[in-house]
Structures are given as structure tokens and as C-alpha cells.
Amino acid sequence: MRSAPTARRLTAAAAVLLALTGCGAQVGDSAAEPAPAGADTALHDALPEAVRQAGVIRFAGDSHPPYRTVAADGAITGIDKDFQDALGELLGVRTETIVVDSLPAALQGMLSNRYDAFNGPVKVTAEREKQFDTITWMTTRTSYVVPANAPVPIPATDALCGKRVAVVTASVVEEQLRQLSAFCERTGRGAVQSIGLADTNATLLAAQSGRAEAAGMTQAAAIDVTTQQKGVYTYVTQTEEQGATADKLALYVPKSGQLGPVLHQAFGALFASGRYQQIMQKWGLTDVTVPQPEFNAGTPA
């Protein structure tokens, strides 16, 4: 149950039911609420009881275009919103986003039961899968966005050796930047200085203001920034020689809530119907799709 008041109301309702139907009534005999029209009945019925009762899945979400763009009035658009809408329709529940200021806030908030899920982008790791179930739905490489009018041109990622790069704290990009810095040192150039900030907008502001020479982000985000602000930014992409990997990015769900397996099945249904491909194509991300969603891909089988 989600709260003590809810538990008391359910207990009272059960007592009334027993009084009306006599001693033959059995606790737990009441049928579950039917799935709303348009929902997948089997998936709806498989939802944890707390989610069915609440009728909503609460997603944490930081400002991270193109995954989530938060407007001045609080409205949210982006890949995450499109996938939430699709999952909500399929599962027969509402979805809502509570804006948080960082990845650590999203992860801790889920463990504290303030949120049910977070759609990333978060790299899959075995360490995090000790507490969270993950559903991998895309891959990415790390890119670095540079102001087009930068005083020192950055034609390739090795030009960032000895420079300052702003990244979102605790993100997959922060780890990739350490690999780039190690490459710089191995090849006799200066290490990259990492500047950790709260969100993507803050990293772009740092690059524009001269506090950093570039803003590190996922390739998908770099594509979005340079497309939406043509002529304002350019970007370069880290190579495998520089330690880059095609990282698996996933939706995170606390294991304790038992929602993860259901969301994995729901994602599988979106793949099978073609809805997944439609959303990824809409956002120009066909290069980072995966053939099927993977469940807990970071943990050895």
C-alpha cells in the first residue's frame, strides 16, 4: 500500500463487505478493476497492486533535451514524454513527470518511493542493478558540443586535451570523459578538466560563457542541440581509440516495487507494434535504436 490512510480505508471497506455478505465471504475475493478501454488487459492486471490502485506511474525527470524539455510553464515534451504516453495507454494508467534537478536526485527519490521510474538516459551497470531493474531501449556514444564562434576551434575530440569540459554530474558522459582524459595523458597531452553541473542546460551555458570549452552529452542530445540551434553549436564525437563505447541506456525502476518486469513486457509490446520505431524516427534517433528491449543487461546471466 502507498500510505497508512489508504490501508485504513481498504480495511474499513473489507469490514463493510463482510457485514453485508455474511461469514461466507473470503478476504481477497473481490475482482480487480477491469483494464481501461484500449489497454492491454494482461499487462494492466500484471501491474503491482499499489500502481493499479493509484492509477498512475510517477516518473522522475530532469531537464535533458531531447529526452525531456521543460517549458517555462512546466509543460514537458521530448522522447521521454512520448514513451510515457505510449506506456500509459498500453498499461491503462496515467503517467506523470516530477521534475528533479539531477540524476542522483532521481535515483535517491526512487529508492525513497517518491517516484516509480526514471527513463534516463542512464547507463546500465551491474552495480546499479543491485537496487534497480533496467530496461535497455537505446544505445549512444558520447559527443562534445562546442559554440560555433569558439575562439579556439575544436575540429575533433583530441583537441579537447588540456581543455575544460562541462558534464552532468554522475552521468554516463562523466565516465566517458575520464576515458578521453586518460587517452590525452597516454598520448602526452594534458588531461581534460571536468566541470560537473546539474543538467544539460547548465553545461551549454558553461560552454557559451567560456567557463568550459565544450559541453559533454549523449550523441542523441548533441544531435538535438545542433539541430534546434543551427549555426550556434557544432559537435564532435569520441572515438573507440579514445575510450568511447556504445553504452546501453535504460529505464530504471526500483526492484522493491516489482514494476520492472511489467515495464519490460510493455516495452516489448511497443517494439512489436512498431510504436518504438515510430518514436525514435520522430526524434531522428534511428542510429541508436536496439532490436529488442533488454532486461537487466548489466548483470551477468
| Can you name the residue in region 107-135 that is crowded, with 24+ Cβ neighbours inside 10 Å and polar (S, T, N, Q) and is also modelled with the highest pLDDT among such residues? | 134
| said: Filter region 90-101 down to the residues that are surrounded by fewer than 19 Cβ atoms within 10 Å (Cβ to Cβ) and not basic (Lys, Arg) and list them by number. | reply: 96, 98, 99, 101
| said: Considering only region 185-195, I want to know if a residue exists there that is polar (S, T, N, Q) and in contact with a Cys (Cβ under 9 Å, 6 or more places away or on another chain). | reply: yes
| query | Which condition breaks for residue 129 when tested against (1) in a strand (DSSP E or B); (2) in contact with a Gly (Cβ under 6 Å, 6 or more places away or on another chain)? | reply | (1)
| task | Considering only residues that are among the small types (Gly, Ala, Ser) and within 12 Å of the chain's Cα centre (by Cα), look in region 83-126 and name the one that is farthest from residue 269 (Cα to Cα). | result | 102
| message | Conditions first: (1) on the phi < 0 side of the Ramachandran plot; (2) under 22 Å from the mean Cα position of the chain (by Cα). Residue 49 passes all but one, so which condition is the exception? | response | (2)
| remark: The correct count of residues that are in a loop (DSSP other than H, G, I, E, B) and in contact with a strand residue (DSSP E or B) (Cβ under 6 Å, 6 or more places away or on another chain) in region 245-258 is 1
| note | Counted residues in region 198-234 being at pLDDT below 95 and not in a loop (DSSP other than H, G, I, E, B) come to 15
| query | Can you find a residue in region 144-165 that is at pLDDT 95 or above, of a type in the set (Phe, Trp, Tyr) and either surrounded by fewer than 24 Cβ atoms within 10 Å (Cβ to Cβ) or touching a Lys or Arg at 6+ places or on another chain (Cβ under 9 Å) (or both)? | reply | no
| message | For region 168-182, check the following and say yes or no: at least one residue is under 23 Å from residue 281 (Cα atoms), among the small types (Gly, Ala, Ser) and either in contact with a Cys (Cβ under 6 Å, 6 or more places away or on another chain) or surrounded by fewer than 22 Cβ atoms within 10 Å (Cβ to Cβ) (or both). | response | no
| task | Looking only at region 261-282, decide whether some residue is at pLDDT 95 or above, touching a Lys or Arg at 6+ places or on another chain (Cβ under 9 Å) and outside any helix (DSSP H, G or I). | result | no
| field | Scope region 212-236; condition surrounded by fewer than 21 Cβ atoms within 10 Å (Cβ to Cβ) and of a type in the set (Gly, Ala, Ser); matching residues | value | 231
| query | If only one of 209, 256 is surrounded by fewer than 22 Cβ atoms within 10 Å (Cβ to Cβ) and assigned by TED's automatic domain parsing to the domain that holds residue 119, which one is it? | reply | 256
| task | Out of the residues in region 237-250 that are farther than 27 Å from residue 77 by Cβ and not acidic (Asp, Glu), state the one that is surrounded by the most Cβ atoms within 10 Å (Cβ to Cβ). | result | 238
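The values are calculated or read from the model by the stated rules, or taken from the named source; none is laboratory data. These figures come from a predicted structure and were not determined experimentally. Using ideal geometry, Cβ is built from the backbone for each residue, glycine included, and neighbour counts are taken over all protein chains shown.
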